[in-house]
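First up is the structure itself, then whatever we jot down about it.
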Amino acid sequence: MFQAKAYSAASADTPLAPVFIERREPGEKDVVIDIAYCGVCHSDLHAVRNDWGRTRYPIVPGHEIVGTVAAVGSGVTAWRVGQTVGVGCMVNSCGHCGACQDHEEQFCERGMTATYNSIDKYGDRTVTKGGYSTRITVNERFVLGIPAGMPLDRTAPLLCAGITTYSPLKRFSAGPGMRVGVVGLGGLGHVAVKIAKAMGAQVTVISHSEGKRVDAERLGADDFLATSTPGMFRERANSFHLLLDTVSAQHDYNEYLGLLDRGGTMVLVGMPEPSPVRASTLIDRRRQLAGSLIGGIAETQEMLDFCARHSVLCDIELIPIDQINLAYERMLKSDVRYRFVIDMQSLRNS
Ligand code: NAP
Ligand code: ZN
């Protein structure tokens, strides 16, 4: 074991604070990464505040990790010391079930090991600790290569926000001729706009207020709708082929479903407590409601390569780690333009 500095929350109502944590020495197939940057996902906030009721305290969040390989185990062939790499939302899976064989480790039938707040059941059975930390030890299968030339701070959020939006956009064939609505312009939403545009779709941002109209256009959206505009849902009914719902707070799915054209699909990636859905909204015009969870490791690498090719990077606010609690408060008010990223040098220096 070796020690790393980290930021951790002791309970749902205590702020994140500095601690020392133990990391394992690299096993045969492990890679040790010096973390340079870690993005701040709304899932980190849901987990820290126990919104989903399954948080194990103390928790060290963070699953948008980029850094440099510091050491490798004797059996590691894919990675070398000094390489620039990333880690996303998963750090292990069984490797043998149907889902793993299909490269969809996020749906591992024995359960994937999440980067934080998960029992490391293929390892030492401790609770995993995430990227708000100076170093992490990860099995080589769950390490991603960062394409040359990508600025690391603006790339970090792709490890979750990028794959979570790329995967359903690809699965539901976002491309030329498709009218895509991105619901919620936050961390996931702003990457979704860029990726959907790079895929060739016609993209509309659907935001809860007028405040982000100018930004939406700057990010490349073709159109902007504010749900606060009276009559908007009625006037724009039946307009979209695909809606990607990234909203982190409770809202009425029925209203948004009505925006779908015949046969259209609304994909939920945002994870608030569920709202009930009326069957008649789906039955009318054969609309479909779907969900999507991050993406597999191979698809995450594909997404990184796609973003490098199309110059898709995140719009970030780089923060020192001692501003993390303030960042959470701002995220709760939808006041992020458009992803907080922690500069881990600030933790090393502290
Ligand atoms: P975020 O940066 O905080 O963005 C969420 C956006 O939701 C806000 O910017 C805001 O957009 C909208 N919103 C917030 N409160 C709202 C309200 N009361 N009514 C309507 N809209 C509201 O969060 P994020 O990091 O993108 O994550 C979004 C959600 O995705 C979270 O629930 C997170 O847990 C989930 N997630 C899921 C996966 C997955 O695999 N499925 C992966 C990562 C994250 P506007 O201001 O434009 O309305
Ligand atoms: Zn995330």
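Key figures
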quantity	calculated
Matching residues, segment 48-75, being away from ligand 1 (no atom under 16 Å from the Cβ), open to solvent by 10 Å² or more (accessible area, probe 1.4 Å) and over 11 Å from VAL32 (Cα atoms)	ARG56, TYR57, PRO58, SER74, GLY75
LEU313 being at pLDDT 95 or above, open to solvent by less than 10 Å² (accessible area, probe 1.4 Å) and either more than 16 Å from ligand 2 (Cβ to nearest atom) or hydrophobic (A, V, I, L, M, F, W, C) (or both)	no
Candidates TYR328, TYR338, filtered to the one that is touching a helix residue (DSSP H, G or I) at 6+ places or on another chain (Cβ under 7 Å), within 15 Å of ligand 2 (Cβ to nearest atom) and within 19 Å of ILE206 (Cβ to Cβ)	TYR338
Subset of segment 28-45 [touching a residue at least 60 places away in the same chain (Cβ under 8 Å), open to solvent by 20 Å² or more (accessible area, probe 1.4 Å) and more than 16 Å from ligand 2 (Cβ to nearest atom)]	LYS29, ASP34, ALA36
Complete set of residues in segment 323-341 that are in contact (Cβ under 8 Å) with a residue 40 or more places away in the chain and not basic (Lys, Arg)	ILE324, ASN325, ALA327, TYR328, MET331, LEU332, SER334, VAL336, TYR338, PHE340, VAL341
Residue count for segment 144-179, restricted to those that are open to solvent by 40 Å² or more (accessible area, probe 1.4 Å) and more than 25 Å from GLY131 (Cα to Cα)	7
Test: residue in segment 2-16 that is hydrophobic (A, V, I, L, M, F, W, C), within 14 Å of ligand 2 (Cβ to nearest atom) and closer than 20 Å to GLN83 by Cβ	no
The one condition in (1) of a type in the set (Ser, Thr, Tyr); (2) without any contact (Cβ under 8 Å) to a residue 60 or more places away in the chain; (3) open to solvent by less than 10 Å² (accessible area, probe 1.4 Å); (4) touching a Cys at 6+ places or on another chain (Cβ under 8 Å) that TYR132 fails to fulfil	(2)
Enumeration of residues in segment 298-350 that are part of a helix (DSSP H, G or I), touching a Gly at 6+ places or on another chain (Cβ under 8 Å) and within 30 Å of GLN3 (Cβ to Cβ)	THR300, MET331
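The values are calculated or read from the model by the stated rules, or taken from the named source; none is laboratory data. Worth saying up front: this structure is predicted, and the values here are computed from it rather than measured. Cβ sites come from the backbone with ideal geometry, for glycine too, and all protein chains shown count toward neighbours. Note: areas computed on protein heavy atoms with side chains; ligands, DNA, RNA excluded. Shrake-Rupley method; radii C 1.70, N 1.55, O 1.52, S 1.80 Å.
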